[in-house]
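Everything below concerns the one structure shown next.
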Amino acid sequence: MDVKRYFRGPFFWVALVIIGVLLVTSISSAAGGFKKVDTEVAINAITNGDVTKAKVVDRDQRLELTLKSDKVIGAGGATKIQTDYVDARQRQIIDTSLVFAKGVLDRGNVSAADLRQWARNSAPLVLANADDAAAAQIDGLHAVITRWRRELLSPTDWQRVYVIILGPKMPRADNVSQQYFERVMGRTELGHRLIYAEGIFDLTAAGNLLGTIATDRRLATDFFGAEMRMDRDFLGDGARRRLDAIFGRQ
């Protein structure tokens, strides 16, 4: 396989994206005065709005957070905390990817078999990262929704809440946010008050969709006595009857 053709292929750029994300740089700083904490503690501090300053120290693969004056963590009352955001697994991904890329450049070519072997070897590490990322996203989302339900929403309000999840087609199945809200709202709300808005990515369009849903459901209730009747093709029943007449009932 010609190396130039390889560079144009998607797998090479996937590798570069992985490496690029892990090697993203920022201003270096000293670690003095920062208390080391678990990543989960740092994420919670950010989610809860307790942080006034955050800095990525690429040299040490470290995140440094300065807390608000009235916020402390731990028995010692730390107001500055730090956590590692790249561990041995990330270093292994970087190292093996660089070795693979160097071999390709040195040889001037790459075989499909070698590419697949590198990808398969990397897959467990990438999937482990995906598990960590999912856990962090769920924890952050749960913290926000729990606080809203405690401070802003009454039980009656919660039963009236609509959740519109914005996203592309491919991650629709098993979407992280959708799975979370299925648990806290109940799976029966999927498609009712919990809606995945495929292909919508801005708040204005999401608001328009919500308005359409509310209007159509009121109309469906008034006309047909069935709230969800307009959530499917209005012509669907007639189409099914006509097709049965042409092809026979199936």
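The values are calculated or read from the model by the stated rules, or taken from the named source; none is laboratory data. Computed from a predicted model, the values in this text were never measured in an experiment. Cβ: placed from backbone, ideal geometry, glycine included. Neighbour counts: every protein chain shown.
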Among the candidates ARG193, ARG232, residue that is of a type in the set (Lys, Arg), outside the structural domain of ILE138 (by TED's automatic domain parsing) and without any contact (Cβ under 8 Å) to a residue 24 or more places away in the chain: ARG232
Count of residues meeting criterion [surrounded by fewer than 16 Cβ atoms within 10 Å (Cβ to Cβ), more than 22 Å from TRP148 (Cα to Cα) and modelled with pLDDT of 80 or more] in region 36-54: 3
VAL161 vs. criteria within 30 Å of THR39 (Cα to Cα) and touching a residue at least 24 places away in the same chain (Cβ under 8 Å): no
Considering residues of region 58-92 that are within 19 Å of ALA130 (Cα to Cα) and assigned to a loop (DSSP other than H, G, I, E, B) only, the residue modelled with the lowest pLDDT: VAL86
Segments classed as helices (runs of 4 or more DSSP H), wholly inside region 123-227, with at least 3 members that are surrounded by 15 or more Cβ atoms within 10 Å (Cβ to Cβ): 176-185, 203-224
